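Chemist: This is the structure, below, for whatever I ask next.
The values are calculated or read from the model by the stated rules, or taken from the named source; none is laboratory data. Quantities reported herein were computed from a predicted structural model and do not represent experimental measurements. Please note: Cβ atoms are built from the backbone with ideal geometry, for glycine as well, and neighbour counts cover all protein chains shown.
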Amino acid sequence: MLVVNQSRFAWMIVGVSLFGLVGLNGCVKPAAPVVKAAPVNGAAPVSVNGTESAAEEALVNVEGSSTVYLISQAVAVEFEKSTKHKVSVGRSGTGGGYKKFALRQSDIWNASRPIAEKEVNELKEKGIEWLELTVAIDGLSIAVHPENDWCTGLSVAELKKLWQPDSMVSKWSDLNPQWPDQPIQLFGADSDSGTFEYFTEVIVGKKGSTRTDYTPASDDNILISGVSGNKFALGYIPYGYCVENKDKVKVIGVSPTKDAAETAAAPVLPTVETILSGEYAPLSRPLFMYANKEAMKRTEVADFLKFFVSEAAQPLVSKRGFVRMTDETRQAMTERLEAALKPAEATESK
């Protein structure tokens, strides 16, 4: 498994596998057949082959994180080129995706944070067996307008001061008197997003704890548009979206210093190297897929998952701006998937 030099990140990559083992072994009854997804928030899932498709026409239905969406969409496009199967990829957010997964309305749930204990218990009560796969690494990035020439980095302490519920920071000059006496327009994930939960926990110190006078969105493209549209804006956005829009937003460094009374360590920019090593702390994080094991008995779902963790699919992770798994982690995920598929290999596709 992936080993990094930052303890919390290492725990998330390695320790979260305990939940995956629960998904493999801890369910009490077989899951009911997967129902094809209905539209979420009034929007139909996106067909990766470039045409809109009714949900019931998609043989493999993937829902959830808008962060993991970028990777899933790219993988699905390549998968469809070499198979008769079709894939529908939606981006209703980690929370929204979980709700559909728990209702058996999707085959696969994309998540930008590990499954929560209460979700583990709920799925067990519903008789849903699931398999957890780590699929990539993200470095949640702090983005500003390209014309911002005064701020090259912020410490965790400064980010907490900016984003905490009782924050008194309203202008750039409130963070540094030498910076512009202009309001900071803030953008970030909405409360149904795994990115929101992750950011608030590692920066503010409590999951879900945040100031409310910011522009939230589940679609990261909206966050990119917001930050790129105001010289004095700042937002937290997945690394892949920032890479794809490097002409629209500028990423700044993050210092891991949490104590405002201490001299801040040098800020670290998110790069493939710093994210993978864990040096970009504490905003490096693993990304996940959760598969309904009943759905995995269908050939199309099993084949899609096999392709997703294959070596052939890994360049697509990098292409979309994220950090691919180490060979060790990918091999572990491949073995986990193969072990889960063994009982279902003889089952015909539905």
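Chemist: Going residue by residue through segment 85-95, is there one that turns out to be touching a Gly at 6+ places or on another chain (Cβ under 8 Å), without any contact (Cβ under 8 Å) to a residue 60 or more places away in the chain, outside the structural domain of G208 (by TED's automatic domain parsing) and part of a loop (DSSP other than H, G, I, E, B)?
Modeler: Yes, segment 85-95 contains a residue that is touching a Gly at 6+ places or on another chain (Cβ under 8 Å), without any contact (Cβ under 8 Å) to a residue 60 or more places away in the chain, outside the structural domain of G208 (by TED's automatic domain parsing) and part of a loop (DSSP other than H, G, I, E, B).
Chemist: Next question. Taking S218 and the conditions (1) more than 22 Å from E158 (Cβ to Cβ); (2) modelled with pLDDT of 95 or more, which numbered condition does it fall short on, given that it satisfies the others?
Modeler: (2)
Chemist: Identify all residues within segment 294-319 that are under 17 Å from H85 (Cα atoms) and basic (K, R); write none if there are none.
Modeler: K297, R298, K306, listed by residue number.
Chemist: Would you check which residues across segment 55-84 are in contact with a Ser or Thr (Cβ under 9 Å, 6 or more places away or on another chain), assigned to a loop (DSSP other than H, G, I, E, B) and farther than 23 Å from Y198 by Cα and list them?
Modeler: Hits for segment 55-84 are A58, L59.
Chemist: Can you name the residue in segment 182-205 that is of a type in the set (S, T, Y) and part of a loop (DSSP other than H, G, I, E, B) and, of all such residues, is surrounded by the most Cβ atoms within 10 Å (Cβ to Cβ)?
Modeler: If we take residues in segment 182-205 being of a type in the set (S, T, Y) and part of a loop (DSSP other than H, G, I, E, B), then S193 is surrounded by the most Cβ atoms within 10 Å (Cβ to Cβ).
Chemist: From G127, G153, which residue is assigned by TED's automatic domain parsing to the domain that holds S88, touching a Pro at 6+ places or on another chain (Cβ under 9 Å) and surrounded by fewer than 21 Cβ atoms within 10 Å (Cβ to Cβ)?
Modeler: On inspection, the qualifying residue turns out to be G127.
Chemist: Being of a type outside the set (S, T, Y) and under 24 Å from D219 (Cα atoms): is that true of L276 here?
Modeler: In short, no.
Chemist: Assuming K231 fulfils every condition listed in (1) at pLDDT 95 or above; (2) crowded, with 16+ Cβ neighbours inside 10 Å apart from one, which condition is it?
Modeler: (2)
Chemist: Exactly one of (1) assigned by TED's automatic domain parsing to the domain that holds E311; (2) surrounded by fewer than 17 Cβ atoms within 10 Å (Cβ to Cβ) is unmet by P146. Its number?
Modeler: Evaluating P146 over (1) assigned by TED's automatic domain parsing to the domain that holds E311; (2) surrounded by fewer than 17 Cβ atoms within 10 Å (Cβ to Cβ) leaves (1) as the failure.
Chemist: Is it true that some residue in segment 116-124 is in contact with a strand residue (DSSP E or B) (Cβ under 8 Å, 6 or more places away or on another chain), surrounded by fewer than 24 Cβ atoms within 10 Å (Cβ to Cβ), acidic (D, E) and in the same structural domain as S310 (by TED's automatic domain parsing)?
Modeler: no
Chemist: Within segment 180-197, identify whether any single residue is among the aromatic types (F, W, Y), in contact with a Lys or Arg (Cβ under 6 Å, 6 or more places away or on another chain) and touching a residue at least 12 places away in the same chain (Cβ under 8 Å), and answer yes or no.
Modeler: Scanning segment 180-197 turns up no residue that is among the aromatic types (F, W, Y), in contact with a Lys or Arg (Cβ under 6 Å, 6 or more places away or on another chain) and touching a residue at least 12 places away in the same chain (Cβ under 8 Å).
Chemist: A follow-up question, please. Pairs please, first residue from segment 307-326 and aromatic (F, W, Y), second anywhere and surrounded by fewer than 21 Cβ atoms within 10 Å (Cβ to Cβ), Cβ atoms under 8 Å, 6+ apart in sequence or on different chains.
Modeler: Cβ pairs passing all conditions: F307/E78; F307/A313.
Chemist: Considering only segment 212-253, how many residues are small (G, A, S) and outside any helix (DSSP H, G or I)?
Modeler: Counting residues in segment 212-253 that are small (G, A, S) and outside any helix (DSSP H, G or I) gives 6.
Chemist: Okay, next question. Residues in segment 103-122: is at least one part of a helix (DSSP H, G or I), in contact with an Asp or Glu (Cβ under 7 Å, 6 or more places away or on another chain) and not acidic (D, E)? Steps first, answer last, please.
Modeler: Looking only at segment 103-122, we keep the residues that are part of a helix (DSSP H, G or I), and these are 117-122.
Then drop every residue that is not in contact with an Asp or Glu (Cβ under 7 Å, 6 or more places away or on another chain), which leaves none.
No, segment 103-122 has no match at all.
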